[in-house]
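Structure first, then comments.
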């Protein structure tokens, strides 16, 4: 956290990348104002590792392109040029002309921009005060017209804007760009800051703007929230502000199913997501979409499909959907079945499949079902067979030992052997399985011959 202005400046001077400094100095020598802006300045002042450094300048795009040997016209209509200062993407510096903005008809990007505005107006159109600071490396000066440093010191997120009224500025900022609602709650988790009450209040009138944002962008914000150390900081705000009901209505409804006290249900949900490791967090997030009426001892295929449909609508990847939806399919069984046998646990893990089994165990533990989680972990550690590929015999062994032809009967015998091994893991030896298979082969042969 930044303390004195002198310490803040010293930190910025040290951490700003040389190529960003050189771009700003080149623009300054040509008579233009040029500053580093946004999240990198914020993170540097917090002592965090800054991400991408962006530059804002009074120079128009064509003036920027004329000053540098190699440039990419990234978004000229919005005043953005990428300057290539070396090899690889790490050498790229994005430079955007100071701009004012018109209306946001699509609630995502301005219909038009106006160049030639002063820096303070450019900063005022950003989302939060902590993101509305700039550093001028040529003058070695920190520009903070809206009190971003104070918010950093207070660990508070407030909307930025020209009026100075936090609620009015929040409504304006969030309504014009609906994604800023998601960004604000994500920053609360990523920075581990509180969200100013007036700023949070300003989200509610902006929810119709969030509804217009693409599912891909919402999905990316959810990913980033789940990757933070304390996602509950963001999710709690999302639940009470109406964001959750808008983007995940199935989950919003599901939180009322499990426990009569919704507040207790929400707290349990937040604790589960917080406790889940990375590989199980998406499943933990949407676990409550499973319906408790289906108290099975196996994977709930209906819950799997419902979860997969939800995540597909939100544009999560196929790999993410495959893991999270299977985890959701185990929720009813894990929560409502008590008297598990080892054989039943093996069958459930076999339904989940080996690649997803550890994530399922992690979800059960995060959900407080520690008895089942501990027993399942022991089964996995012992490497009990969960699939025909893990049996001590393969199809070729059966063909050779039983003198049978390749065909569907081999697969049926392997499936029957797996069922026996799921019942009793000690049967998974070559000799025992071949002996069992001998009897199965005779039965299969009789079935194939038909009645006399």
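Bear in mind that the values in this text are calculations on the coordinates, not laboratory data. Remember, it's a predicted structure, so these values are computed and weren't measured experimentally. All Cβ positions, glycine included, derive from the backbone under ideal geometry; neighbour counts span all protein chains shown.
For this structure, a couple of remarks:
- Between residue 49 and residue 297, the FRET efficiency from the beta-carbon distance, with R0 = 45 Å, is close to 0.45.
- Between helix 370-382 and the chain: long-axis angle, C-alpha atoms, 0 to 90°, nearest 10: 70 degrees
- Helix 301-313 vs. the chain, principal-axis angle (Cα, 0 to 90°, nearest 10): 20 degrees
- Computed across the chain, the Kirkwood radius stands at 25.7 Å (inverse of mean 1/r, all Cα pairs).
- Full extension of the chain segment joining residue 312 with residue 419 gains 35.2 nm, where the gain is 0.36 nm per residue of separation less the Cα-Cα distance.
- In terms of overall dimensions, the C-alpha atoms belonging to segment 9-55 reach 32, 18, 15 Å along their principal axes, ordered largest to smallest.
- Rounded to the nearest 10 degrees, the angle from helix 215-226 to the longest Cα principal axis of the chain is 80 degrees.
- Chain lengthening between residue 399 and residue 168 when straightened (0.36 nm per residue, less Cα-Cα): 75.5 nm
- Between residue 141 and residue 78, the modelled labels are 2.8 nm apart [label points 7 Å from Cα along Cα→Cβ].
- Each label was represented as a point 7 Å from its Cα along the Cα-to-Cβ direction; for residue 201 and residue 353 these points are 5.1 nm apart.
- Helix-only mean residue ellipticity at 222 nm for the chain, each DSSP H run of n ≥ 4 adding -39500 (n - 2.57), per residue, nearest 500: -16000 deg cm²/dmol
- Whole-percent pair-distance distribution, where bins are 5 Å wide, for the alpha carbons of segment 328-368: 6, 23, 35, 29, 6, 0
- Calculated FRET efficiency for the pair residue 212/residue 154, C-beta based, R₀ 35 Å, to 0.05: 0.60
- Kirkwood hydrodynamic radius of segment 1-154, Cα pairs, Å: 15.7 Å
- Between residue 267 and residue 429, the C-beta separation translates, for a Förster distance of 45 Å, into a calculated FRET efficiency of about 0.40.
- At q = 0.13, 0.14, 0.24 Å⁻¹, base-10 log of I(q)/I(0) for segment 277-384 (Debye sum, equal scatterers on each alpha carbon): -0.40, -0.46, -1.38
- Extending 7 Å from the Cα toward the beta-carbon at both residue 245 and residue 339 defines two label points whose distance is 4.2 nm.
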